[in-house]
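Presented below is the structure to which this report refers.
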Amino acid sequence: MSKSKTNKLKIFNDPIYGLISIPNSLIFDIIEHKYFQRLRRITQMGLTNLVYPGAHHTRFHHAIGCMHLMQKAIQVLQSKNIKISEEEATALCIAILLHDIGHGAFSHALEHSIVDEIVHEEISLLFMKKLNGEFNGQLDLAIDIFEGKYERGFFNQLISSQLDIDRLDYLKRDSFYTGVAEGNISSDRLIAMMNVKDDQLVIEEKGIYSVENFLIARRLMYWQVYLHKTSLASEILLVKILQRAKVLAKSGVKLPASAPLQYFLSNTIYRNNFTDETLEMFSRLDDYDVLSAIKEWCYNEDLVLSKLSKMLIQRKLLKIELQNQPFTDSYKTKIHKKIKKKFNIDDSVLPCFIFEDSVANQAYNKKKPIKILTKKGKLKDIAKASDHLNLQTLSKPVIKYYYCYPKNFSKV
């Protein structure tokens with residue numbers, strides 16, 4: 001074995017799984033690439049650390065963890081006589097390693113403010129295709145798997161389904177870093193119970209209780225962590241700050257910002273004009289650009305931008321009310337009058353500080369079922385195979401409505 005190859009077989013010490021090995025030199029070179037290293041500067045959970053102070057882990061942590069779990073899943077399936085070649089195994093690891101490479105700063109916030117009508121999965125694919133050019137076509141199979149074009153359908157299910165490697169890592173990892181024990185799933189047990197039947201990824205019947213726990217844990221993590229009302233208020237505030245900055249930049253106001261952030265503030269970026277130049281600028285943009293700019297914007301002449309920025313930096317967040325029914329017009333009128341009088345806000349800028357919308361959580365989607373392989377070799381939807389009554393309930397979307405408005409406007 002050559003010295004250069006030996007040096008590429010590194011290991012990571014992960015707090016969740018312990019030692020994680022890099023399977024080959026190609027994957028090492030992809031991890032070393034600047035596009036992938038950028039994930040060290042993208043937080044996995046956006047601004048959730050304002051609620052759970054330990055939640056500072058990054059997309060880099062998550063991607064490496066997913067690669068590790070994929071290696072384990074491949075080994076389990078091979079041990080059950082599912083033929084997976086070395087080339088296919090490498091492609092699966094690359095596909096899961098790069099599945100989130102298209103996330104922007106603070107993960108989901110930029111999808112609603114800096115770019116329009118293009119989601120991170122599409123940007124991930126653009127990055128993968130760009131990397132494929134640099135690696136002389138060695139990512140062809142990984143891209144086919146990622147897009148669901150490969151002939152073996154269960155490969156794509158390992159990347160994207162209701163019980164995929166992505167979810168197995170982020171639930172366990174986010175539970176660990178937030179300290180929310182309810183999300184601590186048994187990823188090892190779930191992977192050990194994986195099998196393939198009729199080209200579908202399935203879970204053996206003896207793993208049914210682990211699947212039930214996984215679905216319930218996911219539901220609890222969404223309401224307790226991902227859709228926690230303070231996390232929501234923080235992300236909404238970040239989105240509104242960036243949207244306001246974009247309005248000002250387009251009207252000719254010079255805002256202090258890094259070159260990549262300036263690019264996205266000054267241009268309207270859609271799917272159809274996302275060029276190679278845009279991708280390069282996107283690859284240079286991370287949490288540090290956004291946070292540094294917002295610190296400067298705290299002292300901007302624009303009242304809206306400075307107030308919103310100070311709210312986020314000083315954690316004087318908007319008050320957020322969450323309920324099962326839409327807020328009535330009479331209630332909203334009452335809040336408008338109260339805020340306008342209390343803080344002396346002009347009518348023209350009032351909508352910049354009062355927001356409303358809804359969030360939905362569906363723990364289990366019957367349209368993309370998790371299949372249980374019974375001892376008799378039959379396939380059953382987990383909702384029918386389980387004796388847990390809650391699984392039927394978990395398949396119904398739960399919608400909650402929120403209303404945000406200032407509570408400490410005069411203090412920032």
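Please treat every number below as a calculation from the coordinates, not as lab data. Since the model is a prediction, treat every value here as computed from it, not as a measurement. Quick reminder, even Gly has a Cβ in these numbers, built from the backbone with ideal geometry, and neighbours come from all protein chains shown.
Helix 287-297 and the longest principal axis of the C-alpha atoms of the chain enclose an angle of approximately 0°. A DSSP coil position with no more than 12 other Cβ atoms inside 10 Å describes the following trypsin sites (Lys or Arg not before Pro) in region 88-154: Lys149.
Each Cα pair under 8 Å and six or more residues apart adds its sequence gap; the mean of these over the residue count of region 91-206 is a relative contact order of 20 percent. Counting 0.36 nm for each residue step from Leu26 to Thr333 and taking away their Cα separation leaves a gain of 104.6 nm. Neighbour counts of other Cβ atoms within 10 Å put Ser234, Ser160, Ser85 in the fewest-to-most order Ser85, Ser160, Ser234. Put the Cα centre of region 161-180 next to the Cα centre of region 29-73 and the gap is 12 Å. One compactness figure for region 36-152 is 1.17, namely its Cα radius of gyration divided by 2.2 N^0.38 Å.
Computed from the C-beta positions of Asp347 and Asn132 and an R0 of 45 Å, the FRET efficiency is 0.30 to the nearest 0.05. In angstrom, the C-alpha Rg and Dmax of region 224-316 are 14.0, 41.
Kindly express, to the nearest 10 degrees and within the range 0 to 90, the angle between helix 120-134's C-alpha long axis and the longest C-alpha principal axis of the chain. Relative to the chain, helix 120-134 is tipped by roughly 60 degrees. Relative to the longest principal axis of the Cα atoms of the chain, the long axis of helix 229-250 makes an angle of roughly 70 degrees.
With Cα atoms as the point set, the chain shows a radius of gyration and Dmax of 23.0, 75 Å.
Across region 138-269, counting alpha-carbon atoms alone, Rg and Dmax equal 20.8, 63 Å.
Using the Cβ-Cβ distance between Val398 and Arg41 with R0 set to 35 Å, the FRET efficiency works out to roughly 0.55. A straight chain from Leu379 to Lys197 at 0.36 nm per residue would run longer than the Cα-Cα distance by 64.7 nm. Taking a sphere under 12 Å around the Cβ of Leu47 and counting the other residues whose Cβ falls inside, with K and R at +1 and D and E at -1, yields a net charge of -1.
Contact order for the chain, expressed relative to its length and based on alpha carbon pairs under 8 Å spaced 6+ residues apart, stands at 16 percent.
Only helices enter this figure: runs of n ≥ 4 DSSP H residues, each worth -39500 (n - 2.57), summed and divided by the residues of the chain, yield -14500 deg cm²/dmol at 222 nm to the nearest 500. Per residue, the convex hull spanned by the Cα atoms of region 188-266 measures out at 171 cubic angstrom.
For the pair region 364-382 / region 86-141, the C-alpha centres are spaced 30 Å from each other.
With kT/(6 pi eta Rh) evaluated at 10 °C and eta = 1.306 mPa s, and Rh the Kirkwood radius from Cα pairs, region 66-214 diffuses with a coefficient of 97 µm²/s according to Stokes-Einstein. Working value for region 279-366: equivalent-ellipsoid semi-axes of 28, 25, 11 Å, each the square root of 5 times a Cα gyration tensor eigenvalue, largest first. Using a cutoff of 8 angstrom between alpha carbon atoms and counting only pairs six or more residues apart, the relative contact order for region 122-190 works out to 15 percent. Fewest neighbouring Cβ atoms within 10 Å first, the residues Leu373, Leu131, Leu291, Leu322 line up as Leu291, Leu322, Leu131, Leu373. In region 320-412, the inverse of the mean reciprocal separation of distinct Cα atoms equals 16.9 Å; this is its Kirkwood hydrodynamic radius.
Couplings 3J(HN,Hα) of region 157-168, computed from phi: 5, 5, 8, 8, 6, 7, 9, 9, 5, 4, 5, 4 Hz, in residue order, whole Hz [Karplus 6.51 cos²θ - 1.76 cosθ + 1.60, θ = phi - 60°; x for Gly and Pro].
Cα convex hull of region 155-227: how many Å³ per residue? Measuring per residue, one finds 78 Å³ for the Cα hull of region 155-227.
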